[in-house]
Amino acid sequence: MRFFERLADRIERTDSVVSVGLDPDPDRIPSFLADADLPRWAFNRRIIDATHEHAACYKPNAAFYEDADGWRALRETAAYAAGKDVPVLLDAKRADIGNTTRQYAEVLEWVDAITVNPYMGRDSLQPFLDREEKGVFVLCRTSNPGGSDLQDLELDSGEPLYERVAALADVWNANGNVGLVVGATTPDELAEVRGIVPEVPFLVPGVGAQGGDAEAAVDHGLAAYPGVDVDVGLVNSSRGIVFAGEESARPDEEATYFGAAGDAAKRLRKRLNRHR
């Protein structure tokens with residue numbers, strides 16, 4: 001089963017388009033997990049246990065795993081999520097040329113999808129695109145303030161660069177495995193990109209701690225995908241879910257801490273479903 005087919009099945013079974021960002025900042029992992037062999041893995045396992053009923057996907061960000069113990073924690077996390085039948089999208093923003101990008105693509109042996117950076121062009125992404133069963137989310141329009149430094153630059157054609165990226169991603173989608181990353185904090189641009197690529201699923205970050213537009217994320221982030229019965233796409237929240245326990249009544253109590261994460265994922269699912 002290809003990634004977007006599997007994702008569609010997961011969306012239908014859980015009635016959810018929620019992507020839970022597994023970003024276990026070591027400085028914020030609760031003290032009661034400090035003595036665990038791999039604290040980031042111990043944290044993620046409990047988050048998955050608390051949220052998997054509400055999650056269409058998990059999205060670990062590679063930045064939080066860039067050391068030996070981190071990669072061990074990430075592999076354990078991916079395997080555990082697979083055991084819960086939840087796809088894993090690695091937010092790594094990878095791309096390079098030649099043998100380097102072929103090596104980067106090897107990570108797809110143990111995750112289901114990945115984010116990639118299109119700045120170096122199609123050949124830098126080809127080893128990812130060639131993995132027909134894996135999802136490849138191309139950065140298009142990001143929600144950070146500096147995104148406009150390059151993404152808004154006007155081309156000779158009159159279109160901004162991010163719109164050209166969207167059009168190119170559609171061309172690169174020969175295997176039906178390409179999605180786009182488009183931030184929820186720019187709802188008008190979400191709509192513009194959807195007009196360019198009506199059938200490409202989006203990963204929409206920025207709903208949650210960044211205050212993105214949930215209605216726009218659903219209205220424009222989901223797309224009809226050939227051969228499936230539900231619209232496909234993901235709306236991500238990271239800190240707003242995984243660290244919800246910090247604001248709970250008893251943040252030092254494990255059950256309360258992770259129960260808050262489950263409640264936050266459930267609330268986001270209901271919030272998004274109002275617009276589906």
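The values are calculated or read from the model by the stated rules, or taken from the named source; none is laboratory data. Small disclaimer: the values here were computed from a predicted structure and weren't measured. Glycine also receives a Cβ, built like all others from the backbone with ideal geometry; neighbour counts cover every protein chain displayed. For accessibility, only protein heavy atoms count, side chains too; no ligands or nucleic acids. Shrake-Rupley method; radii C 1.70, N 1.55, O 1.52, S 1.80 Å.
Can you give the calculated 222 nm mean residue ellipticity of the chain, where each DSSP H run of n ≥ 4 adds -39,500 (n - 2.57) and the sum is split over every residue, rounded to the nearest 500 deg cm²/dmol?
On the way: 11 runs with 114 residues, N = 276.
Helix contribution divided over all residues of the chain: -12500 deg cm²/dmol.
Scalar couplings 3J(HN,Hα) for segment 238-243, obtained by applying the Karplus form with A = 6.51, B = -1.76, C = 1.60 to θ = phi - 60°, are 10, 4, x, 9, 5, 10 Hz; x denotes Gly and Pro.
For segment 18-32, putting each phi into the Karplus relation 6.51 cos²θ - 1.76 cosθ + 1.60 with θ = phi - 60° gives couplings of 7, 9, 9, x, 8, 10, x, 3, x, 6, 10, 5, x, 4, 5 Hz, in residue order, rounded to whole numbers and with x for Gly and Pro.
The gain in end-to-end length when the ILE97 to VAL171 segment is fully stretched comes to 24.7 nm, 0.36 nm per residue minus the alpha carbon separation. Here's the picture: charge each Lys and Arg Cβ at +1 and each Asp and Glu Cβ at -1 in segment 14-117, and of ASN99, TYR58, TRP41 the one pushed furthest to the positive end of that dipole is ASN99. Between ASP252 and GLU12, the FRET efficiency estimated from the beta carbon spacing at R0 = 41 angstrom works out to 0.60.
ALA8: net charge of surrounding residues, Cβ under 10 Å, Lys/Arg +1, Asp/Glu -1, itself excluded? Could you put the intermediate results ahead of the total?
Numbers: positive: ARG2, ARG6, ARG10, ARG13; negative: GLU5, ASP9, GLU12, ASP229, ASP231.
With Lys, Arg at +1 and Asp, Glu at -1, the net is -1.
Residues in segment 108-115 carry Karplus couplings, in order, of 6, 5, 10, 10, 9, 7, 8, 9 Hz; the curve used is 6.51 cos²θ - 1.76 cosθ + 1.60 with θ = phi - 60°, and Gly or Pro positions show x.
Can you give me the accessible area per residue for segment 217-268, using a 1.4 Å probe, in Å²?
Numbers: 2260 Å² over 52 residues.
With all protein chains present, segment 217-268 gives 44 Å² per residue.
The calculated FRET efficiency for ASP152 paired with ARG276, based on their beta-carbon distance and R0 = 41 Å, is about 0.85. Projected onto planes of every orientation and averaged, the convex hull of the alpha-carbon atoms in segment 105-157 covers 4.8 nm². Restricting the calculation to alpha carbons of segment 163-221 gives Rg and Dmax of 11.2, 35 angstrom. Placing +1 on the Cβ of every Lys and Arg and -1 on the Cβ of every Asp and Glu, with nothing else charged, gives the chain a dipole about its Cα centre of roughly 560 debye.
Nonpolar atom fraction for segment 111-258, defined as the carbon and sulfur part of the 1.4 Å probe accessible area, stands at 47 percent.
Quarter the surface of the alpha carbon convex hull of segment 1-138 and you get the mean projected area, 8.4 square nanometres. Per-residue extension of 0.36 nm, minus the Cα-Cα distance of ASN117 and TRP71, leaves a gain of 14.5 nm for this segment.
Comparing Cα centroids, segment 229-260 and segment 1-71 end up 10 angstrom apart.
At the residue level, ILE97 shows approximately 80 square angstrom of accessible surface with a 1.4 angstrom probe and all protein chains present.
Among DSSP bridges having both ends in the chain, what percentage is antiparallel? Round to the nearest 5. If you can, show how the numbers build up before the last one.
Numbers: 2 of 25 bridges.
About 10 percent, rounded to the nearest 5.
What FRET efficiency comes out for the pair ASP35/ALA191, r = Cβ-Cβ distance, R0 = 45 Å, nearest 0.05? Walk me through the intermediate numbers first.
Details: r = 49 Å, r/R0 = 1.09.
The value I calculate is 0.40.
As an exercise, take the mean of 1/r over every pair of distinct alpha carbons in segment 196-276, invert it, and state the Kirkwood radius in angstroms.
Numbers: mean 1/r = 0.0726 Å⁻¹.
Radius from the Kirkwood sum: 13.8 Å.
A 1.4 Å probe run over the protein chains yields, for segment 23-178, 45 Å² of accessible area per residue, whole-number rounding.
Please report, in whole Å³, the volume per residue of the convex hull around the C-alpha atoms of segment 72-225.
129 Å³
Close amide H contacts of ILE114 (hydrogens built in the peptide plane, cut-off under 5 Å, sequence separation of 5 or more or a different chain): LEU90, GLY135, VAL136, PHE137. In summary, segment 141-276 shows an alpha-carbon radius of gyration equal to 1.20 times the 2.2 N^0.38 Å reference for compact globular proteins.
Taking only the Cα atoms of the chain, the radius of gyration and Dmax are 17.9, 58 Å.
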